Amino acid sequence: MYSDRQDAGRQLVANLRRCTGGDARVLGLHGGGVPVAAEAAARLGCALDVLVVRELVVPGPPRVLVGAVAEGPALVLDEEAARRAGAGDARLEELERDARVEARALGLRLRGRRPGLPLAGRDVIVVDDGVAGRLAAEAACRDARARGAGRVVFAVPAASPATVDHLWTVAEEVVCPLSPTFFVTASDFYLDFPPVSEVEAGGLLERASERTA
């Protein structure tokens, strides 16, 4: 159990120190992943950036999650879910296009005028605050890889066992202190788990940029 996202970031650091050095890049998944990543990056002495992922959802009812994209070229599709939702190629292309535009626009807002960190040849630590499903997490890892990351580590305070197992197929290392059999939602593992606004996430990124300038 974690008191809040900052506490989760502190607890991740003990496991992350054995994975990589201070020249790594830490990427927080937009929203709740940024406070966890900011705390971890500060304690590791690493540069911090945001990684924005958008899910592809066929509107319902019921709403059907069929994939995920990031700001870069990464795309992850659940073809079986798309088939069940009746989403053909044209519909999937439309969903992908719209989600990628949203991801890039959000990334620009969160970074302000700062460019994204170069990742080529670096160890990259992708951080979230908790993962129940695999699509967004996989898209994040694939995005870091597509941007040239030399080695990808996915770090998350809590996740489902199935997600952890899957992440080992797309990352060189997975750090997850809590992975109970009956995982429902990340909030179950925090005493304090408020929403994270764009303003809060952007402020954390700005302060981290000043620290490593």
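For the list (1) out of contact with any His (no Cβ under 7 Å at 6 or more places or on another chain); (2) part of a helix (DSSP H, G or I), I need the number of the one condition that Ala201 fails.
The single condition Ala201 does not satisfy is (1).
Restricting to region 14-29, name every residue that is modelled with pLDDT of 95 or more and closer than 22 Å to Ala186 by Cα.
Result: Val26, Leu27, Gly28, Leu29.
Could you list all residues from region 86-103 that are surrounded by 15 or more Cβ atoms within 10 Å (Cβ to Cβ) and either touching a residue at least 40 places away in the same chain (Cβ under 8 Å) or closer than 20 Å to Thr163 by Cβ (or both)?
Once the filter is applied, which keeps residues that are surrounded by 15 or more Cβ atoms within 10 Å (Cβ to Cβ) and either touching a residue at least 40 places away in the same chain (Cβ under 8 Å) or closer than 20 Å to Thr163 by Cβ (or both), region 86-103 yields Glu96, Ala99, Arg100, Ala103.
Restricting the first residue to region 124-138 and requiring it to be over 17 Å from Ala103 (Cβ atoms) and in contact (Cβ under 8 Å) with a residue 12 or more places away in the chain, which pairs with a second residue that is among the aromatic types (Phe, Trp, Tyr) and part of a loop (DSSP other than H, G, I, E, B) meet a Cβ separation below 7 Å and a spacing of at least six or different chains?
Sorted first by the residue in region 124-138, then by its partner, the pairs are Ala132/Phe183.
Give region 21-53 a look and list any residue that's assigned to a helix (DSSP H, G or I) and buried (at least 24 other Cβ atoms within 10 Å of the Cβ), or say none.
Correct list: Gly33, Val34, Val36, Ala37, Ala38, Glu39, Ala40, Ala41.
From the list Ser187, Ser160, exactly one residue is among the polar types (S, T, N, Q) and in contact with a strand residue (DSSP E or B) (Cβ under 8 Å, 6 or more places away or on another chain). Which is it?
Ser160
Looking at Ala103, is it assigned to a helix (DSSP H, G or I), modelled with pLDDT under 95 and at negative phi?
Criteria not met by Ala103.
Could you look through region 129-163, keep only residues that are at pLDDT below 95 and β-branched (Val, Ile, Thr), and pick out the one that is surrounded by the most Cβ atoms within 10 Å (Cβ to Cβ)?
Across region 129-163, the extreme among qualifying residues is Val131.
Under the condition of being hydrophobic (A, V, I, L, M, F, W, C) and in contact with an Asp or Glu (Cβ under 8 Å, 6 or more places away or on another chain), which residue from region 35-56 is farthest from Gly130 (Cα to Cα)?
Going through the qualifying residues, I end up with Cys46.
Could you say whether any residue in region 128-137 is in the same structural domain as Arg17 (by TED's automatic domain parsing) and closer than 23 Å to Thr212 by Cβ?
The answer is yes; a qualifying residue exists.
For a quick check of your reading of the model, give me the residue pairs whose first member lies in region 104-119 and is in contact (Cβ under 8 Å) with a residue 40 or more places away in the chain, whose second is in a helix (DSSP H, G or I) and acidic (Asp, Glu), with beta-carbon atoms closer than 7 Å and at least 6 apart or on different chains.
Close Cβ pairs satisfying both conditions: Arg109/Glu198; Leu110/Glu198; Gly112/Glu206.
Any residue at all in region 73-80 that's surrounded by fewer than 15 Cβ atoms within 10 Å (Cβ to Cβ), in contact (Cβ under 8 Å) with a residue 24 or more places away in the chain and either part of a loop (DSSP other than H, G, I, E, B) or not assigned by TED's automatic domain parsing to the domain that holds Glu173 (or both)?
yes
When only residues in region 110-128 that are under 20 Å from Gly31 (Cβ atoms) and over 17 Å from the mean Cα position of the chain (by Cα) count, which is surrounded by the fewest Cβ atoms within 10 Å (Cβ to Cβ)?
Checking each candidate, the answer is Gly112.
Working carefully through the options Ala171, Ala144, find the one that is in a helix (DSSP H, G or I) and under 13 Å from the mean Cα position of the chain (by Cα).
The match here is Ala144.
Is it the case that Val170 is of a type in the set (A, V, I, L, M, F, W, C), touching a strand residue (DSSP E or B) at 6+ places or on another chain (Cβ under 7 Å) and surrounded by fewer than 24 Cβ atoms within 10 Å (Cβ to Cβ)?
no
The values are calculated or read from the model by the stated rules, or taken from the named source; none is laboratory data. The model shown is predicted, which means the values in this text are computed figures rather than measured ones. Neighbour counts are summed over all protein chains in view; Cβ atoms, including those assigned to glycine, are modelled from backbone coordinates with ideal geometry.
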